[in-house]
Every structure is written in structure tokens, then in C-alpha cells.
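Trainee: Just passing along the structure, written as C-alpha cells.
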Amino acid sequence: MKKVAGFHISVLIYILFMYLTQETFSFMGLNIFLAWLPLIFGRFFLRGKNKWPFLFIPLWLLFFPNVPYLLTDLFHLASLGIYQSGGHFLNITSDWWAYLTLVLPTIVMVFIGMAQVFKLFSAIKLSVRQKIASFVLLAFLASVAIYIGRFERIHSIELLIHPLAVFKLLVIDWNLAKVQFVLLFSILQLGIWGLIYFLRRDGQEE
């Protein structure tokens, strides 16, 4: 319980730190907050003892794509002056600090957020085939949401504000580039879940 509380407090401190003190990658405060929300909704569902916690599942599903979305933020590292042509690196303290404030929370939130999916699927008591199908479907839906979020600049909350416009982007507007991105990002997410699965099994065997 203390570890869980410590994690959530650390997330809040990071969000405030990035918002109040940082100029480079200050947007990460908001992105981490959006990725933190599904963790909260998922935990409310897992801790519930009656049928009402299922109300948190739609909220979790709505905000879950913000977790793997963080992986696209890694491309912002290209804006730093650390890397030079020819494979040389510069020891610019401010840039390496910015590197830390982007990479570390991204790795932590992605792994914790995606690991929580295993707990949610177990709590719902899905069969092995249903779990596999659910992982594939979730990866696909999240990839589509990430595509329209990154390229169409649509945020999760707009599904509630402009549902028809978002529905069109999700279902109707497709092209080859979108198909390729969704496929690639689905494979990426499934690969991460595969890694988490084998790490969990390895830990249980020990």
C-alpha cells in the first residue's frame, strides 16, 4: 500500500515539477497526467467489491491510449543538442537533464500502465483465448487513438465533446499510411505485453 501511495505521490510531484519549473519538455507534465488517469480508474475498478466499479472500465478504456502514446514523445529527444553528426555526443548538462525528465517517466508509466492490463483482464476472469483476443483488440484500438492523437491532434476528452467527428476519424477516414502506423504500433504494444508476460512468469518461477 505504501509503495502504491509513493508511486502516485511521485507522479504528482513530477507533474507539478514539469509544469512549474521546466521549459524543455514541459508538456510532459500534461502527458504523464493523462497517462496516470487510466491507472487511477483501473485501480478503482480492481479495488471495487460490487458491480458499480464496472463504471470505471469505460473511463479506463477512454484514457488508456495515453499510456502507449508516451512512446511517441521519445521523438522529441531529437530537439536536444546532445547528438552530433558522426556519432559524437556533447556533455550538455541541461540537455541530459531534459533527457532524464522525458525518458524515465515514459518508461515507468508505459510499463506500469501496460502491466495493469494483466490485472484487469484477470479480474474480469477472461479465458486464455479471450485474453489474447482482448490484447490484440486493445492494441489495435489504442494504436488508432494514438494515430489520430498524434497526426490529427485529437485528445481523449474530445470523444465526449465531439463524438461524431472523432468517430469519423476512428472508423471512416483510413489510408495506407494510417493502416501501416496502426499495424506497427499494435505490434510494438503486443511486444511490450509479451515482455511483461515473460518477466512475470520468470518472477513466479523464482
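The values are calculated or read from the model by the stated rules, or taken from the named source; none is laboratory data. Predicted model only: the values in this text are computed from it and were never measured. Reconstructed Cβ throughout: ideal geometry from the backbone, glycine too, with neighbour counts over all protein chains shown.
Trainee: Can you name the residue in region 9-21 that is closer than 16 Å to ILE107 by Cα and either touching a residue at least 24 places away in the same chain (Cβ under 8 Å) or among the aliphatic types (A, V, I, L, M) (or both) and is also surrounded by the fewest Cβ atoms within 10 Å (Cβ to Cβ) among such residues? Give the derivation first.
Mentor: Taking region 9-21 as the starting set, the residues that turn out to be closer than 16 Å to ILE107 by Cα are 10-11, 14-15.
Applying the additional criterion that residues be either touching a residue at least 24 places away in the same chain (Cβ under 8 Å) or among the aliphatic types (A, V, I, L, M) (or both) yields 11, 14-15.
Details: VAL11: 20, TYR14: 20, ILE15: 18.
Within region 9-21, the match that is surrounded by the fewest Cβ atoms within 10 Å (Cβ to Cβ) is ILE15.
Trainee: Just checking, does region 51-65 include any residue being crowded, with 19+ Cβ neighbours inside 10 Å and without any contact (Cβ under 8 Å) to a residue 40 or more places away in the chain?
Mentor: In the first step, residues of region 51-65 are kept if they are crowded, with 19+ Cβ neighbours inside 10 Å; the result is 56, 60, 63-65.
From what's left, without any contact (Cβ under 8 Å) to a residue 40 or more places away in the chain: 56.
Within region 51-65, one or more residues are crowded, with 19+ Cβ neighbours inside 10 Å and without any contact (Cβ under 8 Å) to a residue 40 or more places away in the chain.
Trainee: Still on this model: Kindly evaluate LEU77 against the criterion of being in a helix (DSSP H, G or I) and either closer than 30 Å to ARG200 by Cα or at pLDDT 95 or above (or both).
Mentor: Values: in a helix (DSSP H, G or I): yes; either closer than 30 Å to ARG200 by Cα or at pLDDT 95 or above (or both): no.
Here the answer is no, as LEU77 does not meet what is asked.
Trainee: Follow-up question, since we're still on this one. Scan region 126-147 and report the pairs whose first residue is over 14 Å from ILE187 (Cβ atoms) and whose second residue is not polar (S, T, N, Q) and not in a helix (DSSP H, G or I), with Cβ atoms within less than 6 Å and a gap of 6+ or a chain change.
Mentor: Close Cβ pairs satisfying both conditions: ALA145/PRO65.
Trainee: Let me ask another. Which of the residues that make up region 172-195 are of a type in the set (Phe, Trp, Tyr) and within 13 Å of ILE148 (Cβ to Cβ)? Give the derivation first.
Mentor: Residues of region 172-195 that are of a type in the set (Phe, Trp, Tyr), as a first pass: 174, 181, 185, 193.
Across region 172-195, the qualifying residues are TRP174, PHE181, PHE185.
Trainee: Right, another one. Mind checking which helices (runs of 4 or more DSSP H) fall wholly inside region 90-199 and carry at least 1 residues that are touching an Asp or Glu at 6+ places or on another chain (Cβ under 7 Å), on the phi < 0 side of the Ramachandran plot and at pLDDT 95 or above?
Mentor: Values: elements: 93-124, 128-151, 158-161, 163-167.
Ranges flagged: 93-124.
Trainee: Do we find that MET18 is outside the structural domain of VAL144 (by TED's automatic domain parsing) and touching a Ser or Thr at 6+ places or on another chain (Cβ under 6 Å) in this structure? Write out each step before concluding.
Mentor: Working: outside the structural domain of VAL144 (by TED's automatic domain parsing): yes; touching a Ser or Thr at 6+ places or on another chain (Cβ under 6 Å): yes.
So MET18 fits the description; yes.
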